[in-house]
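> Below are the structure tokens for one structure; questions will follow.
Every number here is computed from the coordinates shown, using simple stated rules; none is lab data. Predicted, not measured: the structure shown is a model, and the values here were computed from it. Quick reminder, even Gly has a Cβ in these numbers, built from the backbone with ideal geometry, and neighbours come from all protein chains shown.
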């Protein structure tokens, strides 16, 4: 019985290694789904006159269902397209108006394509990777709150946030579970600065430089 068990354990180990060997090889397509968070690293300029000196903003983090599609061009080179539902970010008062609370919100959808290099062999159980790409940061459905209207004179104040193309960098690790399933963990940085324009004609330039990170479970075809 002991000898029989050892044979089955050895066979299972060989099958496991064989499955891992094909997990991330040339020609593979991989889909993943999980959770993604975006944390803007905000450096705000001042709101243009007429406003209190030092009127600035901060942007809260947001979390959403995310995932992506990866194609392995070779055993090491891949093209990756992260996917997610739109994120909703609260816009908060900062600087001279810090403490007033929420002054607006916006939906954001980062559309990104990465060229990746995956280290280790295709049969490795732990495959770190790095990526370089471009992100089109789409902002839409931005709106101000009653607090913003009060700060700008009392009339209803709307806002528009500039969408923009920016470079992105990432690092991560993929950990195959068997010949089909894997776990993916990543962190990325986008160098993004844009302008928000109020219906009053005032503008504010903000460096966002968002940090994104996520955890997903994937399936290989």
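> What does the helix-only formula give at 222 nm for the chain: each DSSP H stretch with n ≥ 4 adding -39500 (n - 2.57), the total divided by the residues, and the result rounded to the nearest 500 deg cm²/dmol? It would help to have the intermediate numbers written out before the result.
Details: 2 runs with 26 residues, N = 221.
After summing the helix terms and dividing by residue count, I get -3500 deg cm²/dmol.
> What do you get for Rg/Rh over the range 93-206 if you use C-alpha atoms and the Kirkwood form of Rh? It would help to have the intermediate numbers written out before the result.
Working: Rg = 20.3 Å, Rh = 17.1 Å.
Here the Rg-to-Rh quotient is 1.19.
> What is the extension gain from residue 163 to residue 96, computed as 0.36 nm multiplied by their sequence separation minus the C-alpha to C-alpha distance, in nm to one decimal? Please list the in-between numbers first.
Details: separation 67, 0.36 × 67 = 24.12 nm, distance 2.63 nm.
Roughly 21.5 nm would be gained on extension.
> While we're looking at this one, here's another question. Quote the FRET efficiency, to the nearest 0.05, computed for residue 181 versus residue 41 with a Förster distance R0 of 35 Å and r equal to the Cβ-Cβ distance.
0.60
> Taking the Cβ of each residue in 188, 43 as the centre, tally the other Cβ atoms inside 10 Å and list the residues starting with the fewest.
43, 188
> Work out the FRET efficiency for residue 119 and residue 195 from their Cβ-Cβ distance, taking R0 = 45 Å, and round it to the nearest 0.05.
For R0 = 45 Å, the calculated efficiency reads 0.70.
> Please list, in order, the residues from the range 150-179 whose amide nitrogen is less than 12 Å from a point placed 7 Å along the Cα→Cβ vector of residue 52.
151-152, by backbone N distance to the label point.
> What's the Kirkwood radius of the chain in Å, using all Cα pairs?
So the Kirkwood estimate lands at 19.5 Å.
> Mind jotting down the distance between the C-alpha centroids of the range 101-154 and the range 29-55, whole Å?
Taking the Cα centre of the range 101-154 as reference, the centre of the range 29-55 is 8 Å away.
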